[in-house]
Every structure is written in C-alpha cells, then in structure tokens.
Amino acid sequence: MKTVNDFNFSGKKALIRVDFNVPQDENLNITDNTRIVSAKPTIEKILNDGGSVVIMTHLGRPDGEASDKYSLKHIVSGVSEVLGKPVKFVSDCIGEEVKKEVDALKNGEILLLENLRFYKEETKGDKEFAEKLSENGDIYVNDAFGTAHRAHASTAVIAQFFPENKCFGLLLAKELEAVDKVLKSGEKPVTAILGGSKVSTKITIIDNILPAVDNLIIGGGMAYTFIKAQGGKIGISLCEDDKLDLALSILEKAKENNVDVYLPVDTVAGDDFKNDCNIKTVPTNDIPDGFEGLDIGPKSAQIFTEVLLQSKTILWNGPLGVFEMENFATGTKAIGDAIGKAKNNGAFSLVGGGDSVAFVKQNGYEDKVSYVSTGGGAMLESLEGKILPGVAAILD
Ligand code: AMP
C-alpha cells in the first residue's frame, strides 16, 4: 500500500483529492473544519518535501451546475487558516485558466480548484473528464476517505492516468489501517459492539465480521428483533418482523464461528418515543404492553462493560439507545466510558460507520476511543468487506 511517505515530492506537483465537503452556515462560513484539519498532515508532508499542492474536492450537491452557493471560493480563507499558508484559488477545475495557474504554481504553494461537481461528468465517472483533471499534477494522491466508496472521476477513474505515480494520503491510509486492525490484524480478544435502529442495515457487516471477532455485543433498536426471535416479549419496541428467522440464523452462525453473543438482559423502556414519557427498567424479554425499549438497562451496561474491559480490539458501530434523548443516552455513554477504560488498558478501538460517530463527537468522547472514522458510507462498506473503488484504483 503506497502512501505519500513512499514518494519524494521535491519539485513535483501533487494533485490531491480531499473531502472538503464541509458544513456551512447561511452566510457560507465553515461551521466545522474537521475535514480540512484531517487532510493537513498529507498536505504538509508534500510541502515539506519541497513540492506544490493542487487540491480537488467537491462541496454539496450542485448536480453538474456551477453556482455561487457551492463555490469553493467561500472556503478558501478557512482552508488557508487551517494550513497556516496562503491558498490560491481558480474558478474551474479543468481548462486553459486552470492550466495557467497550475503551470505557474511554485514549490511550497497551494492551489484550490473549483468544485468538481460543477461538472456532471465527475459523479458519472467520465474518463475524458478524469483525463483532463489528471493534467493538473505529476503525482495523484487520494486522501478523500469520505468519497472512496464512489467510482467518481476524481476518486477512482483518474488513477489510471498515473500508473506509477499514485498513492494514498495519510488520512485514507489511517482509515484502511484501522479497518485492517479490527478485521485482520487486531490483538485478541476482538469485540464488535453494534447498535442503531435496524438489523436489516447491519446484516452484511455482521456476516463479514463474524469470522474476525471473539465477542459480538448487540444493542440499540436492532436488539429487539433478536429478543423477539428468541421468544421474548418486547412490547411496542422497534422490531423487523420479517427478519426474525434471519436473526436466529445470525445467532446460529455466530455459534459456528465460536463468537460469544451478548444481547441486553434489561431495557429502559418508555410508553412514548419522547424524552419525558413514563419510564420503566424491565427485563428485555418481558417489556410491558404499550412500552418500547429505548436504551439498554444498567445490568446490560455492566455485562457489556466487563466484556469490553477484557478486549484488546474493539469495533463500535451504532448507538445502544436513543442517545438523542437525554433519558435514553445512559447506555451509550456507559459503553463510551468502558471503551475509554479499555483504551487506557491498551486496547485499540475504532468507531465508525454509524450514529456512534455522531454520539462520540457530540458528547466529547473523542479522547476515549483510538480512532473515529471520517467516512460514514465508506466505513460501512469497508466493514461489509467491500473493496472501495477509490482504494482499488490506487492498489491496481
Ligand atoms: P444507525 O444509523 O443504524 O446507527 O441508527 C442510529 C439510530 O438508532 C439513532 O438515531 C438512535 O436514536 C436509534 N436507536 C438506537 N436505539 C434505539 C431504540 N432502542 N429504539 C429506537 N431507535 C433506536
């Protein structure tokens, strides 16, 4: 796996695809610059070598139409602030004007190209468009994990025009290493903790991770389908009735793979999907009529914590309850705390591909986990065992 560390960029123009699809307020000011900060190490490595950087990214969904709203000119100062250097901007991503700016770029300088998605050819993965983009640099670097699951012109198709001179940026490499650590090279015992709303969206992940994990902890709304499948009484909890057999077959497959499965033994249930409803803590398999399970209970949190504290590698995908409501966030917080303690004991933990990332960020749990993925869909597909087009194009 070649990264920017395998190249010397001295005197070279690096054409780097990043994901600067940052959130903005109504005045188009950047409200969260995490994505720019994440790409900084890669850009700095290139500049420190004595190279120059041509940045490509998309912003929003302009659907192939140029517009002021989605112009990257609004983020130039924000990018410059993070990188601590002036950033030049050109109001297109291909063509004569761009060529002039790229040719004039000196070592140590940074040029930001206009929004790639002003061309519909970008998302269509158009080869001619990719070739035109490829003229903007000597070495192609992909550091856009957030779009690596898309076979777009700038994320995948372009790589063929750099047969020898293509590599991963440090962020993308870190994401791939984190997945590899969890699914292949992680120190045992390996524990996956899955939550979120539905079993149906997690089946492929479960299938893919079963051979790699020692323990599988299931919480969140998806747990009740398993409990009902085993004959439990779940009140009006979230349940996919057409997935009961599937839930049983997952449990069977886990057994075949010698995976210990932990389902919640108790549940914090409410009589309405509201923070201030009537709340009861009950056994998960005996939830009263008219009540729905909205969080794992304290006994479950204790059992899950013990498993996590014995784990050396942890994957966390999905919240354990409706964490958006304070009264049902306790279970998810307990799991975040347990992962934090496990980290202090030397465990590696990856949080990715679901609302657990939102939980971690909103509640200041970043320091309690080893790695928080920057790519929702891309991380989900990686955990499903798919080779992402943006990754395959570099490995090819
Ligand atoms: P996902 O995108 O699959 O990770 O699902 C995340 C969502 O699942 C969050 O918005 C949670 O509020 C929701 N969720 C977690 N536990 C439950 C539950 N017991 N009942 C209903 N929704 C839940």
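The values are calculated or read from the model by the stated rules, or taken from the named source; none is laboratory data. Computed from a predicted structure; not experimentally measured. Cβ: placed from backbone, ideal geometry, glycine included. Neighbour counts: every protein chain shown. Just the protein is used for accessible areas: all its heavy atoms, side chains included, with ligands, DNA and RNA removed. Shrake-Rupley method; radii C 1.70, N 1.55, O 1.52, S 1.80 Å.
Couple of notes before you dig in:
- All conditions but one from (1) touching a Phe, Trp or Tyr at 6+ places or on another chain (Cβ under 6 Å); (2) open to solvent by 10 Å² or more (accessible area, probe 1.4 Å); (3) in a strand (DSSP E or B) apply to Thr281; the one that does not is (1).
- Condition broken by Glu101, with the remaining ones in (1) in contact with an Asp or Glu (Cβ under 6 Å, 6 or more places away or on another chain); (2) among the acidic types (Asp, Glu); (3) outside any loop (DSSP other than H, G, I, E, B) satisfied: (1)
- Enumeration of residues in segment 183-217 that are among the basic types (Lys, Arg) and either within 16 Å of the ligand (Cβ to nearest atom) or in contact with a Ser or Thr (Cβ under 8 Å, 6 or more places away or on another chain) (or both): Lys188, Lys198, Lys202
- Only a single criterion out of (1) within 11 Å of the ligand (Cβ to nearest atom); (2) free of Cβ contacts under 8 Å to residues at least 60 places away in the same chain; (3) buried (at least 24 other Cβ atoms within 10 Å of the Cβ); (4) among the small types (Gly, Ala, Ser) is not satisfied by Ala342, namely (1).
- Unique match (being of a type in the set (D, E, K, R), open to solvent by 30 Å² or more (accessible area, probe 1.4 Å) and touching a residue at least 40 places away in the same chain (Cβ under 8 Å)) among Lys181, Lys202: Lys181
- Matching entry among Asp289, Asp266 (being acidic (Asp, Glu), farther than 27 Å from Gln362 by Cβ and either more than 9 Å from the ligand (Cβ to nearest atom) or open to solvent by 10 Å² or more (accessible area, probe 1.4 Å) (or both)): Asp289
- The lone criterion from (1) among the polar types (S, T, N, Q); (2) within 30 Å of Lys386 (Cβ to Cβ); (3) open to solvent by less than 60 Å² (accessible area, probe 1.4 Å); (4) out of contact with any helix residue (DSSP H, G or I) (no Cβ under 6 Å at 6 or more places or on another chain) left unmet by Asn257 is number (4).
- Residue check for Ser67: open to solvent by 20 Å² or more (accessible area, probe 1.4 Å), of a type in the set (Gly, Ala, Ser) and under 23 Å from Thr123 (Cβ atoms): yes
- Looking only at segment 218-243, and only at residues there that are in a helix (DSSP H, G or I) and open to solvent by 40 Å² or more (accessible area, probe 1.4 Å), the one that is farthest from the ligand (Cβ to nearest atom): Asp242
- Among (1) crowded, with 22+ Cβ neighbours inside 10 Å; (2) away from the ligand (no atom under 16 Å from the Cβ) - the single one Glu306 does not satisfy: (1)
- Of everything in segment 362-394 that is within 14 Å of the ligand (Cβ to nearest atom) and open to solvent by 20 Å² or more (accessible area, probe 1.4 Å), the residue that is farthest from Thr34 (Cα to Cα) is Glu384.
- Evaluation of Phe328 against (1) open to solvent by less than 10 Å² (accessible area, probe 1.4 Å); (2) within 15 Å of the ligand (Cβ to nearest atom); (3) in contact with a helix residue (DSSP H, G or I) (Cβ under 9 Å, 6 or more places away or on another chain); (4) farther than 24 Å from Leu172 by Cβ (one fails), failing number: (3)
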